[in-house]
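Structure record follows, encoded as structure tokens.
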Amino acid sequence: MYRYDEFDAAFVRERTAQFRDQVNRRLSGEINEDQFRPLRLMNGLYLQLHAYMFRIAIPYGTLRSKQLRKLAYLARTYDRGYGHFTTRTNIQFNWPKLRDIPDMMEHLNEVEMHAIQTSGNCIRNISTDQFAGAAADEIIDPRPVAEILRQWSSLHPEFSYLPRKFKIAMIGAPSDRAAIKFHDIGLKAVTNDAGEIGWEVWVGGGLGRTPMIAKLIRGYVAHTDLLAYCEAIVRVYNRYGRRDNKFKARIKILVHEAGIDKIREEVEAEFAQTKGGVLTLPQAELDRITTYFAAPDFERVNATQIDVLREKELDPAYGDWLERNLHSHRQPGYVSVTISLKPVGGAPGDATDEQMEAIANLAENYSFDELRVTHEQNLVLPHVRVSDLREVYDTLVENGLATGNAGLITDMIACPGLDFCSLANARSIPLAQEISRKFQDPQRQRDIGDLKIKISGCINACGHHHVGHIGILGVEKKGTELYQISVGGDGTEKAAIGDILGHGFVADDVPDAIERLVETYIARRESADEPFIAAYRRLGDAPFKEALYGAQ
Amino acid sequence: MEILTGNELMSGATVYLDRDGHWVEGLQQARVFLKEEAEARDAAIAATKKTMRINSLEIETVTLRDGVIHPDRIRERIRAEGPTAPRFDRQHLDKDGHVSI
């Protein structure tokens, strides 16, 4: 993992001291809230419905044990004993007091963390594949380039006041596990005709009130030129992006209104100016950063076949967990383990301080001190020896973390919704809880198979409902929470935006509505091997509409 | 009918302006402004702004039923009681979090 150098360390220390002074000036009345608000937002401090919310950056979703332990400490000492992992792979605390924030920041600095650029119209945390550096299908570990992009985008003087926030995601494998086509810039590792690895660049994707799938702007950009090319894109956006209307200010609207050809022309013209200049990434620097992400000292062991069926007979819960929560590793004898933060009846993405401590211990003892946060609000131990799986599982069981549901119907994304968020129109978490209770039978979940439900409490789509195989959007109508259901969204390389099926449902009726969709799928699938999303693509939305609203 | 609500500076806690000009935690202690009391309401808003201690100051419409205040918006009902899931107690004021106008 990347380690701070003296400049990084000095900078975050200075920023914390600066913010402590700003807090003191606010408390003394020297500055008012209008003056203070942009300062606190620059440091990830929001004011939500019930209290302040402090959002801490987890760059490209990578953590060390020491850092997770620190987050557990902050949860225990300054909050209410838990944290909420987000779809931007950050963590949020929902109950801190204003005067404690500078102390929390100091603690974060001790473990090379901060909360800068987790809010505001700037380039936000860069997200990537939770299996980066471990996945068997990976062309390249994207994290060194993600780190370089992080350094480039941190406090970029030209890009601190963009028309709107700006999100970058990258993937180093053909399977898109980072939803790159729903980001302002999406980067996918590809190989050119000469066999060199570089980046395919997508632009103008996004969710929110106007969901858009990104457009391909350039098929190949070499590592050397990537910063200059990204700078060109953001510069064009900064110049032409709309500032007259917040709802039309994202780059997706610019790309949509101007057209990808015009934007490409502008970006290429800008790139021609910047290419070969100060933003050229020297190979030596890329190599230097890459050393921070060197593969751990894996033991040389033979590839080990896991006999899931046998394990299921011996211990069904363990067998189910093995079947769902492991991901193939490039190193023989190792796997990546998904730790589900979606227990039945739980709040998606929440972990208690004790759970965080337990997971930190597991990472230290079984995963070379490494952890990942997924954009689907789970955690990952990236490098676990197959022979250690039982011990890891037993520890997860002891800590209420052994739910074997990765990718199943109960592995839902849900935003904080109206229970916490000042932007929300409807609650998300109670709905996720009710749906997970409805489908809590593990065998039933397995019979249904891969199915992603994503829930947002407002049109801003923090719960990624547009790309849920089943998406749920909460709205408020005449003082009542109503939920619109869409089907057919997909955040992977087969990117698709879900279709709204019809009028909304009150909360109590949503779990039954989901059940009718699921039963329709099961009745009409070609076989148990045809997942929900494939069946939807084959069948279209008519049978699902009928399931919800009757024959039209 | 309307009430005034906001979030106290130190704790971020949800608070309401009561009849005595104190910003308090309890929704049921909130002063209810009738339509013809707009001037008093606006004076209270101005006085509150001068304290610089109440953020996100808002006018909320409510209904009185049997002397009980019911906010019209779901959002306000959740703000008054705390999150419904997971169920947490609402944020409370610190000792030095009391604000009056």
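The values are calculated or read from the model by the stated rules, or taken from the named source; none is laboratory data. The shown structure was predicted, so the numbers you read here are calculated from the model rather than taken from an experiment. Glycine also receives a Cβ, built like all others from the backbone with ideal geometry; neighbour counts cover every protein chain displayed.
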Worksheet item: If A:L27 satisfies every condition in (1) part of a helix (DSSP H, G or I); (2) of a type outside the set (K, R); (3) closer than 20 Å to A:Y161 by Cα but one, which is the exception?
Response: (3)
Discussion item. Pull out all pairs, ordered by first then second residue, where Cβ-Cβ is under 6 Å, the residues are six or more apart or on different chains, the first lies in region A:422-440 and is aromatic (F, W, Y), and the second is buried (at least 24 other Cβ atoms within 10 Å of the Cβ).
Written reply: A:F439/A:I409; A:F439/A:T410
Worksheet entry | region A:292-312, residues that are exposed (fewer than 13 other Cβ atoms within 10 Å of the Cβ) and of a type in the set (D, E) | A:D297, A:E299, A:D307
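Of the residues in region A:328-374, how many are among the β-branched types (V, I, T), closer than 15 Å to A:E398 by Cβ and touching a helix residue (DSSP H, G or I) at 6+ places or on another chain (Cβ under 7 Å)? Before the answer, list the steps.
As a first pass, look at region A:328-374 and keep what is among the β-branched types (V, I, T): A:335, A:337-339, A:344, A:352, A:359, A:373-374.
Of the ones still in play, those that are also closer than 15 Å to A:E398 by Cβ are A:339, A:352, A:359.
Subset that is touching a helix residue (DSSP H, G or I) at 6+ places or on another chain (Cβ under 7 Å): A:339, A:359.
Number of matching residues: 2.
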Discussion item. Every residue in region B:11-41 that is surrounded by fewer than 20 Cβ atoms within 10 Å (Cβ to Cβ) and within 14 Å of chain A (Cβ to nearest Cβ), please.
Written reply: B:E25
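One line per residue, one yes/no per condition, for (1) in contact with a Pro (Cβ under 8 Å, 6 or more places away or on another chain); (2) within 26 Å of A:Q48 (Cα to Cα); (3) modelled with pLDDT of 95 or more:
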| site | (1), (2), (3) |
| --- | --- |
| A:N399 | no, no, yes |
| A:P416 | no, yes, yes |
| A:R427 | no, yes, yes |
| A:E434 | yes, yes, yes |
| A:G463 | no, yes, yes |
| A:G474 | no, yes, yes |
Discussion item. Among the numbered criteria (1) surrounded by fewer than 20 Cβ atoms within 10 Å (Cβ to Cβ); (2) facing another protein chain (nearest Cβ under 9 Å), which one does A:A51 miss?
Written reply: (1)
Practice prompt. Kindly establish whether A:R76 is more than 14 Å from every other protein chain (Cβ to nearest Cβ) and either assigned to a loop (DSSP other than H, G, I, E, B) or closer than 22 Å to B:P83 by Cα (or both).
Written response: yes
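Restricting the search to region B:56-73, which residues are surrounded by fewer than 18 Cβ atoms within 10 Å (Cβ to Cβ) and either within 12 Å of chain A (Cβ to nearest Cβ) or within 14 Å of the chain's Cα centre (by Cα) (or both)?
B:S56, B:L57, B:E58, B:I59, B:T61, B:T63, B:H70, B:D72, B:R73 - these are the residues of region B:56-73 that are surrounded by fewer than 18 Cβ atoms within 10 Å (Cβ to Cβ) and either within 12 Å of chain A (Cβ to nearest Cβ) or within 14 Å of the chain's Cα centre (by Cα) (or both).
Taking region A:159-200 only, how many residues are part of a helix (DSSP H, G or I) and either under 24 Å from A:Y4 (Cβ atoms) or among the basic types (K, R) (or both)? Give the steps one after another, and end with the answer.
Of the residues in region A:159-200, the ones part of a helix (DSSP H, G or I) are A:159, A:180-182.
Those still in the list that are either under 24 Å from A:Y4 (Cβ atoms) or among the basic types (K, R) (or both) too: A:159, A:181.
Residues meeting the conditions: 2.
Each row is one residue, and each column tells you yes or no for (1) within 30 Å of A:V384 (Cα to Cα); (2) in contact with a Gly (Cβ under 8 Å, 6 or more places away or on another chain); (3) not acidic (D, E).
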position	(1), (2), (3)
A:D261	no, no, no
A:A272	no, no, yes
A:G277	no, no, yes
A:Y292	yes, no, yes
A:P296	yes, no, yes
A:I306	yes, no, yes
A:P316	yes, no, yes
A:W321	yes, yes, yes
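Yes or no, residue by residue, for (1) part of a loop (DSSP other than H, G, I, E, B); (2) surrounded by 23 or more Cβ atoms within 10 Å (Cβ to Cβ); (3) touching a strand residue (DSSP E or B) at 6+ places or on another chain (Cβ under 7 Å):
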{"residue": "A:R372", "(1), (2), (3)": "no, yes, yes"}
{"residue": "A:E376", "(1), (2), (3)": "yes, yes, yes"}
{"residue": "A:D394", "(1), (2), (3)": "no, no, no"}
{"residue": "A:V397", "(1), (2), (3)": "no, no, no"}
{"residue": "A:A426", "(1), (2), (3)": "yes, yes, yes"}
{"residue": "A:L431", "(1), (2), (3)": "no, yes, yes"}
{"residue": "A:S436", "(1), (2), (3)": "no, yes, no"}
{"residue": "A:G463", "(1), (2), (3)": "yes, yes, yes"}
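Yes or no, residue by residue, for (1) of a type outside the set (D, E, K, R); (2) without any contact (Cβ under 8 Å) to a residue 60 or more places away in the chain; (3) more than 12 Å from every other protein chain (Cβ to nearest Cβ):
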{"residue": "A:E6", "(1), (2), (3)": "no, yes, yes"}
{"residue": "A:V12", "(1), (2), (3)": "yes, no, yes"}
{"residue": "A:R15", "(1), (2), (3)": "no, no, yes"}
{"residue": "A:F19", "(1), (2), (3)": "yes, no, yes"}
{"residue": "A:L27", "(1), (2), (3)": "yes, no, no"}
{"residue": "A:I31", "(1), (2), (3)": "yes, yes, no"}
{"residue": "A:D34", "(1), (2), (3)": "no, yes, no"}
{"residue": "A:L39", "(1), (2), (3)": "yes, yes, yes"}
